[in-house]
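K.L.:
First the structure, then my questions, so here it is.
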Amino acid sequence: MSQKEIVLHLYRSFLRASNKFSSYNFREYALRRVATGFRENKNKNESETKDLIKESMKDLEMVKRQSLINSMYSKNKLVVE
């Protein structure tokens with residue numbers, strides 16, 4: 001896969017993982033942070049992008065773990081939900 005395809009796959013994976021948070025505040029924060037982070041780093045050179053991809057894969061696993069933990073301790077829904 002090309003670097004662009006890998007980055008798009010990571011972006012989609014982050015969005016899917018972020019949508020799994022049961023808490024509205026965590027979910028919306030994660031979605032905003034993912035969009036902002038990818039937007040900030042879109043004009044990096046190839047070597048910086050490789051490093052960011054490695055770091056992002058670790059971060060994706062962390063988001064998946066946190067969304068699982070968050071779903072275990074669900075609370076009452078907020079008014080905005």
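The values are calculated or read from the model by the stated rules, or taken from the named source; none is laboratory data. Note that the structure is predicted; figures quoted are calculated from it, not measured. Quick reminder, even Gly has a Cβ in these numbers, built from the backbone with ideal geometry, and neighbours come from all protein chains shown.
K.L.:
Residue 67 passes all but one of (1) touching a residue at least 40 places away in the same chain (Cβ under 8 Å); (2) within 13 Å of residue 11 (Cα to Cα); which number fails?
P.N.:
It fails just one condition, (2).
K.L.:
If you check every pair at least six apart or on different chains, which have Cβ atoms under 8 Å apart with a residue in the stretch 4-20 that is within 16 Å of residue 31 (Cβ to Cβ) first and a residue that is loosely packed, with under 12 Cβ neighbours inside 10 Å and among the basic types (Lys, Arg) second?
P.N.:
Here the result reads none, with nothing in the stretch 4-20 linked to a residue that is loosely packed, with under 12 Cβ neighbours inside 10 Å and among the basic types (Lys, Arg).
K.L.:
For the stretch 38-78, enumerate the residues that are part of a helix (DSSP H, G or I) and of a type in the set (Ser, Thr, Tyr).
P.N.:
47, 49, 56, 67, 71
K.L.:
Tell me, which residue of the stretch 6-26 that is modelled with pLDDT of 95 or more and of a type in the set (D, E, K, R) is nearest to residue 50 (Cα to Cα)?
P.N.:
Checking each candidate, the answer is 12.
K.L.:
Please find, within the stretch 1-37, the residue that is farthest from residue 71 (Cα to Cα) out of those that are in a helix (DSSP H, G or I) and among the small types (Gly, Ala, Ser).
P.N.:
Only one residue tops the list, namely 37.
K.L.:
While we're on this one: Can you find, within the stretch 29-77, the residue that is nearest to residue 1 (Cα to Cα) among those that are of a type in the set (Ser, Thr, Tyr) and under 12 Å from the mean Cα position of the chain (by Cα)?
P.N.:
Checking each candidate, the answer is 56.
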